[in-house]
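Working notes, structure below.
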Amino acid sequence: MTTVNDIKAAIESLSHKEFMQLMNWVHEKDMEQWDAQLVKDSAKGKLDFLIREASEEQEKGTLREL
């Protein structure tokens, strides 16, 4: 089993180009997980409060266009 310390040591040995490739991969994986969690939370209604807040702001005339 590889440990975090083994992974850190391996990362330290990467060239700059390889390190950047790894960083891009990690970022993509993070965004995939973020998107999946957002879909789950939305399906469970956990984000409905955002729709309510936006509707309230629109009714008050204080909703800004993006």
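Filter the stretch 41-66 down to residues that are part of a loop (DSSP other than H, G, I, E, B) and at pLDDT 90 or above, then give me how many there are.
Here the count works out to 6.
Return yes when L47 is touching a helix residue (DSSP H, G or I) at 6+ places or on another chain (Cβ under 6 Å) and surrounded by 11 or more Cβ atoms within 10 Å (Cβ to Cβ) and no when it is not.
Considered against the rule, which asks whether it is touching a helix residue (DSSP H, G or I) at 6+ places or on another chain (Cβ under 6 Å) and surrounded by 11 or more Cβ atoms within 10 Å (Cβ to Cβ), L47 comes out as yes.
Surrounded by 10 or more Cβ atoms within 10 Å (Cβ to Cβ), at negative phi, in contact with a Leu (Cβ under 9 Å, 6 or more places away or on another chain) and not in a helix (DSSP H, G or I): which single residue out of L14, L38 fits that description?
Residue meeting the stated conditions: L14.
The values are calculated or read from the model by the stated rules, or taken from the named source; none is laboratory data. All of these numbers come straight from a predicted model, not from anything done at the bench. We place every Cβ from the backbone using ideal geometry, glycine too, and count neighbours over all the protein chains shown.
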